[in-house]
1. Could you grab me the full set of residues in the stretch 110-149 that are basic (Lys, Arg) and either surrounded by 11 or more Cβ atoms within 10 Å (Cβ to Cβ) or not in a helix (DSSP H, G or I) (or both)?
2. Looking only at the stretch 27-57, count how many residues are hydrophobic (A, V, I, L, M, F, W, C), over 26 Å from Ala111 (Cα atoms) and assigned to a helix (DSSP H, G or I).
3. Which count do you get for residues in the stretch 1-26 that are in contact (Cβ under 8 Å) with a residue 60 or more places away in the chain and assigned to a loop (DSSP other than H, G, I, E, B)?
4. Could you identify the single residue in Phe71, Phe89 that is under 23 Å from Lys30 (Cβ atoms), aromatic (Phe, Trp, Tyr) and in contact with a Phe, Trp or Tyr (Cβ under 9 Å, 6 or more places away or on another chain)?
5. Can you pull out every residue in the stretch 120-163 that is of a type in the set (Asp, Glu) and either in contact (Cβ under 8 Å) with a residue 60 or more places away in the chain or over 23 Å from Ala106 (Cβ atoms) (or both)?
Amino acid sequence: MRPPADIRPVSREDIPALLGLIRELAVYEKLEHLVVADEAMLERELFGKGSRAEALLCHADGKAVGMALYFHNFSTFLGRKGLYLEDLFVQPSHRGRGYGKGLLLALARIAHERKCGRFEWMVLDWNEPSIRFYESLGAVAMKEWRLFRVTGEALENLARMQA
């Protein structure tokens, strides 16, 4: 029998636990060198004026063991908002217990209740266990799309360019 999990929206008091899970995710993805988020930044972005990001935490036995951070995007073709999952993470020692599925189902319900036209996310191409997991839930890889990103100095340079 699986231990019970409690999935609920992040509160201000949960920020340290959320940041800890974000750091664990970064280590898992071999991207810890990119983490600059701190507790103050997360509190501002999740609870500050005009905040757009939201998060869920999964607790098991009174401890945060998983998280999902998400926000709304918009589909011009559908003419409706969508729900975009920025990151989903369950600690490796707690995987296989249904916590990741529980977080995804909670997000699907939120998307449905908010009348979103779609629910989407990205996954690293080397993360085969996650890809298989998402496909088992009916998710479809969008192979014809490629992510482009501008950040740091490149973003500053682009913002200064004249049309």
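1. Answer for the stretch 110-149, where residues must be basic (Lys, Arg) and either surrounded by 11 or more Cβ atoms within 10 Å (Cβ to Cβ) or not in a helix (DSSP H, G or I) (or both): Arg114, Lys115, Arg118, Lys143, Arg146, Arg149.
2. Qualifying residue count, the stretch 27-57: 3.
3. Number satisfying all stated conditions: 2.
4. Answer to the check: Phe89.
5. Of everything in the stretch 120-163, those that are of a type in the set (Asp, Glu) and either in contact (Cβ under 8 Å) with a residue 60 or more places away in the chain or over 23 Å from Ala106 (Cβ atoms) (or both) turn out to be Asp125, Glu128, Glu144, Glu153, Glu156.
Here, each number is a calculation from the coordinates, and none is a lab measurement. Because the structure is a prediction, the values reported are computed rather than measured. Positions of Cβ are generated from backbone atoms using ideal geometry, with glycine treated the same way; all protein chains shown enter the neighbour counts.
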